[in-house]
Amino acid sequence: MNSREIEELIGKFYEGATTPEEERQLRALFSHEEVPSHLAVHAGLFRFYEDAAKEEIPDPDFEKQLLETLDETPVITLYSRKKQFLYLASMAATFLLLVGLFFTLRNDVFRRSSVDQDNLEVAYRQTQQALLLLSVNLNTGFDQARKLENFQLGLDQTKKLQTFQKGIEQMNKFSIFYQYQQLIINPGDKTRP
Amino acid sequence: MDLREFKIQVIPLKNKLYRLAKRLLEDPEEAQDIVQEVFIKLWNRRNKLDEYRSVEALAVVTTRNLCLDKLKAKKYPVERLDELRSDPAEPATESVRDLKDLAERIREIIQTLPEQMKTIMQLRDIEGYDYEEIAGIMEMNENAVRVNLSRARKKIREILIKNKLYEFQRN
C-alpha cells in the first residue's frame with residue numbers, strides 16, 4: 001500500500017466507510033514504529049485500539065471462582081418466547097370465545113323478542129280483554145261482599161235471639177217452680193211430675 | 001446447555017465483556033463484578049440460550065444494560081461531591097511524552113463521549129464487530145451506527161489535532 005492509498009483509507013475510516021478488514025489493515029500498518037509524521041495523529045489512535053483490545057480481567061482467579069458459583073446455582077425456569085406466545089394466544093382465544101358466546105346468545109334473545117313484537121297487538125288485546133274480565137268479576141265480587149254485610153247484620157240479630165233464649169230458660173225455671181208449687185198444693189195428683 | 005458447553009461457548013467472552021464494562025464504568029473492579037453478574041444471569045437461563053440467534057450478542061446486551069443500570073444508580077453519588085466542587089480536570093491539553101501517554105489521553109477523550117458513541121466505538125474499533133451486529137445490540141439501524149461511529153472518530157481526531165497531542169516531546 002502506498003502513501004496515497006493509506007491516506008484514502010484513513011479518509012474513509014473517519015467517514016465510517018471502511019470495512020472491518022480494511023480497519024484491521026490500518027491497525028496492522030500503524031503498529032510498526034516508523035510512521036510518516038503527517039500520519040502520526042492517526043497512528044496514535046490505531047495503536048490505542050490495538051492495545052485496548054489486549055486488556056484482560058486482572059483477577060487470575062476470576063474464572064475459577066465463577067465456575068464454583070455457577071455450579072451451585074439452580075436452574076431458574078423462565079418462560080421462553082414460545083411459551084409466552086402460547087400463553088397469550090390461549091388468553092386471546094378464551095376472550096374471543098367469550099365475546100362470541102355473548103353476542104350469539106344476545107342475538108338469540110333479540111330474535112325471540114322480535115317474534116313477540118309481531119304478536120304484540122294480539123297480546124295487547126288479549127291482555128286488555130283479560131283485564132276487562134277481571135274488572136267485571138271484581139264488581140260482581142264487590143256486590144257479593146255487600147250481601148255479606150247484610151249477613152253480618154243477620155248475625156247481630158241472632159245475638160239478640162240468644163238473649164231471648166236466656167229469657168226462655170228463665171221462664172222454664174219459673175214453670176218448674178210452678179210445677180213444684182202445684183205438687184205441694186195437690187200432693188195426690190200423680191199425673192203431675 | 002450444560003457447564004461444559006457454557007465453558008466453551010460463553011465464558012471465553014469474559015475479556016470482551018470486561019473491556020466493554022470497563023469502558024462504560026471506568027472502574028476495573030466494578031467491571032469485573034458486572035461480568036460475573038452477566039455470566040450468572042446467562043447461566044440461570046441456560047435452558048433457553050439455544051433459542052437465541054447469538055449468545056454473544058445477548059451477553060454484550062446484558063453487559064451494557066447492567067452497566068447502564070449501575071451508571072443510573074450512581075448519577076448523584078455523595079462521595080463524588082468533593083470532586084464536583086473542584087475544577088474538572090481538563091483532559092488532553094498537556095503535551096504527551098510517549099505513545100503510552102498518548103493512549104492515556106485518547107482514553108480520556110473517549111470518556112467524554114456520550115455512552116452510545118463509547119459503546120459503538122468499543123464494539124467496532126476495539127472488538128471488530130460489523131455494523132449489522134452492532135445495530136442488533138444497540139437496537140439502532142446500521143446507518144445510525146455508522147454515523148455515530150464516524151462522529152466519535154472525528155471528535156477524537158479533532159481534539160488530538162487541536163492540542164497537537166501527536167507531536168511527541170523528544171528528550
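Just so it is clear, none of the values below were taken in a lab; they were calculated from the coordinates. For clarity, every value in this text was computed on a predicted model and none was experimentally measured. Here the Cβ positions follow ideal geometry from the backbone for every residue, glycine too, while neighbour counts run over all protein chains shown.
Work out, step by step, the length gained on full extension between A:ASN107 and A:TYR180: first 0.36 nm times the residue separation, then minus their alpha carbon distance; give nm to one decimal.
Values: separation 73, 0.36 × 73 = 26.28 nm, distance 9.90 nm.
Taking A:ASN107 through A:TYR180 to full extension adds about 16.4 nm, to one decimal.
Please compute the average number of Cβ atoms from other chains found within 10 Å of each residue's Cβ in peptide B:24-31. If you can, show how the numbers build up before the last one.
Values: counts 0, 0, 0, 0, 4, 2, 0, 3.
The mean count of partner-chain Cβ atoms within 10 Å per residue comes to 1.
Which loop-located chymotrypsin sites (Phe, Trp or Tyr not before Pro) does the stretch B:1-44 contain, where loop means any DSSP state but H, G, I, E or B and the Cβ has at most 15 other Cβ atoms within 10 Å?
For chymotrypsin sites (Phe, Trp or Tyr not before Pro) across the stretch B:1-44 that sit outside H, G, I, E and B with at most 15 neighbouring Cβ atoms in 10 Å, the list is empty.
I need the Debye-formula profile for the stretch B:37-77: one equal scatterer per C-alpha, no solvent, reported as log10 I(q)/I(0) at q = 0.17, 0.18 1/Å, two decimals.
The Debye formula, applied to the Cα set alone, gives -0.50, -0.54.
Averaged across A:50-56, how many Cβ atoms of other chains sit within 10 Å of each residue's Cβ atom?
Counting other chains' Cβ atoms within 10 Å and averaging over A:50-56 gives 6.
How far apart, in nanometres, would the label points at A:PHE85 and A:THR127 be if each is projected 7 angstrom from Cα along the Cα-to-Cβ direction?
5.7
Rank-order A:35-41, B:135-141 by packing density, defined as the average count of other C-beta atoms within 10 Å over each peptide's residues, highest first.
B:135-141, A:35-41
Which FRET efficiency value, to the nearest 0.05, is calculated for A:LEU97 and B:GLU51 with the Förster distance at 22 angstrom and r the Cβ-Cβ distance?
Taking R0 as 22 Å, the efficiency between A:LEU97 and B:GLU51 is 0.15.
Give me the distance in nm between label points sitting 7 Å out from Cα along the Cα-to-Cβ direction at B:ASN141 and A:ALA145, one decimal.
9.0
Along Cα→Cβ, 7 Å out, is where each label goes; now give me the distance between the ones at B:ILE8 and B:ASP101 in nm to one decimal.
About 5.0 nm separates the two model spin labels.
FRET efficiency for A:GLU7 and A:GLU55, Cβ-Cβ distance as r, R0 = 25 Å, nearest 0.05? Working shown, then result.
Details: r = 30 Å, r/R0 = 1.19.
Working from the Cβ atoms, E equals 0.25.
Just to be sure I follow the definition: excluding the sites themselves, where is the longest run in chain A that has none of the trypsin sites (Lys or Arg not before Pro) in a DSSP loop with at most 13 other Cβ atoms within 10 Å?
On the way: sites that count: A:LYS54, A:LYS190.
Longest site-free region, per DSSP loop and neighbour criteria: A:55-189.
Roughly how crowded by other chains is peptide A:12-20, in terms of the mean Cβ count from those chains within 10 Å of each of its Cβ atoms? Mind dumping the intermediate values first?
On the way: counts 0, 5, 8, 6, 14, 2, 0, 2, 6.
That works out to 5 on average.
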